[in-house]
1. I want the local charge near Phe82. Using Cβ-Cβ distances under 11 Å, sum +1 for each Lys or Arg and -1 for each Asp or Glu among the other residues.
2. When a/c is below 1.5 the answer is rounded, else prolate if a/b is larger than b/c, else oblate, so apply that to the range 82-233 with a ≥ b ≥ c taken from the square roots of the Cα gyration tensor eigenvalues.
3. Hey, can you list the DSSP H helices of the chain whose Cα span along the axis is 27 Å or longer and whose average Kyte-Doolittle score is at least -1.0?
4. Estimate the FRET efficiency between Glu154 and Ile120 by the formula 1/(1 + (r/R0)^6), using the beta-carbon distance for r and 45 Å for R0, to the nearest 0.05.
5. Which whole-number percentage describes the relative contact order of the range 239-317, with Cα contacts under 8 Å and a sequence gap of 6 or more?
6. Of Lys108, Lys12, Lys341, which has the largest mean-square fluctuation in a 10 Å C-alpha GNM of the chain?
7. Quick check on the range 200-288: what does the Kirkwood estimate of hydrodynamic radius come out to from the alpha carbon pairs, in Å?
8. Can you compute the modelled spin-label distance between Ser244 and Glu276, with each label point 7 Å from Cα toward Cβ, in nm?
Amino acid sequence: MEKLAKLSYDGKSVEFPLVEGTENELGIDIKTLRAATNLITLDPGFKNTGSCQSAITFLNGEKGVLRYRGYDIEDLANNADFLEVAYLLIFGELPTQEQLDKFLVDIKEESFIDEDLKKILESFPSSAHPMGVLSSLTSALTAFNPKTVDIEDEEQLYRAIVRIMGKLPVLVAWVYRKKSGLPLKYGDYALGYVENIARMMFRKPNKEYVANHIVDQALNKLLILHAEHEQNCSTSTVRVVGSSHAGLFASVAAGISALWGPLHGGANQAVVEMLEDIRQDGGDINKYMKKAKDKSDPFRLMGFGHRVYKNFDPRARIIKKSANEVLEDLGIVDPVLDIAKKLEEAALSDPYFVERKLYPNVDFYSGIIYRAMGISTETFTVMFALGRLPGWIAQWREMRLNKEPIGRPRQIYVGKNQRPFVPLNKR
Ligand code: SDX
């Protein structure tokens, strides 16, 4: 029996079908709302609005559950390789060894950048923020790969996917190296996907690169944890840009810009800057807890709170544990880790945070691990983008294969009513 929702207004009532997800979430299907009632809905920030039906990620914010294609994030983070997870997100199933081997080879074949693109990179000032550089270079890839993808042609779509999976890590490594004043180098064809990213980023020009297993493992886990998160701000951006049938590179470049904001992926940079400020200001946790709760103070506890999670972000738990392990294994003592733990402890017992269900999110501890790897604070969000790439690709592919309509929200106009033009000499 079809479940219905009834809308009553102005003495009339209209019924709309309910859509039920595979995890029993319910949504009101209002596709016919305006035609049937001449009404629209209003929902700034889309806090109550679903943009699509998706089979990629399941989130339960109340229980702190995150699953990629049905697999718990804890299982994937502790047992899988990032490229396996990328394949799972994009194509829907964990790959066989043969499929994974082919995916890696096809990606490696694309892991090079047109030399002319280096000139664009070199034209940026060294002070340029790495996210602005990465977004520009990703958009510039369209200039060197101009062919549009026929979405109906599976092989063409696959080629576009392995192309960006191959090229983005090179761009990320070069953006990092440019910021660090290092020469732009390629990796080693013989290495795995994540090992090669670490080599491209961290190899020094004056000595043989020696892989650090701890760093490789931590990087693999961080990339998996950042890989996908359903309809977040940057992924929604990738979907909306792609819905105009703009290409995959252009859509991902837009997603990188959306991720940059400090309320979204840019929070990992803002968290470490905040922790550093607190440390330099004497480490007075209570002073900053008060500022975070003071509405007249613009200060927010970065890395805390989430639109969906009203419980612990499962990724934050895993990253916090990994941060302890990585710093211990690398023999690093980072005072900001202790400040982070004290802030977390204080917030979790403070009524302001408890009432608003504000918990640490994915960005609260991740920067501490990146810092231990020697990655500069401004480059943290670039690492987030590298992890999120498979999620952006998976969502873009799903949206296009589902032939979803162009994203174009309505509005309620609150401006001036009609008025006559006033010539300049009469104003
Ligand atoms: C990511 O969407 C995703 O899935 C994103 C992400 C992903 O993987 O893609 O998970 C990655 O972006 C994580 C979030 C990183 N951002 C931050 O850490 C920035 C700090 N957090 C906040 O700015 C905020 O919590 C948001 C932006 C994350 C969520 O904002 P919402 O859902 O719009 O909630 P809100 O701003 O309306 O806050 C509700 C209340 C407000 O107080 P009241 O008006 O009810 O009194 O909580 C307060 C807010 O002032 N609040 C905070 C706070 N976050 C919310 N108060 C102090 N410090 C904070 N961090």
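1. That sum, taken over residues with Cβ under 11 Å, equals -3.
2. oblate
3. Helices meeting the criterion: 154-179, 380-401.
4. Working from the Cβ atoms, E equals 0.90.
5. 18
6. Highest fluctuation among the options: Lys12.
7. Hydrodynamic radius (Kirkwood, Cα only) of the range 200-288 equals 16.4 Å.
8. Each label point is offset 7 Å from its Cα along the Cβ direction, giving 3.6 nm.
Bear in mind that the values in this text are calculations on the coordinates, not laboratory data. These numbers come from a predicted model, not from an experiment. Because the Cβ atoms are built from the backbone with ideal geometry, glycine has one as well, and the counts that use them run over all protein chains shown.
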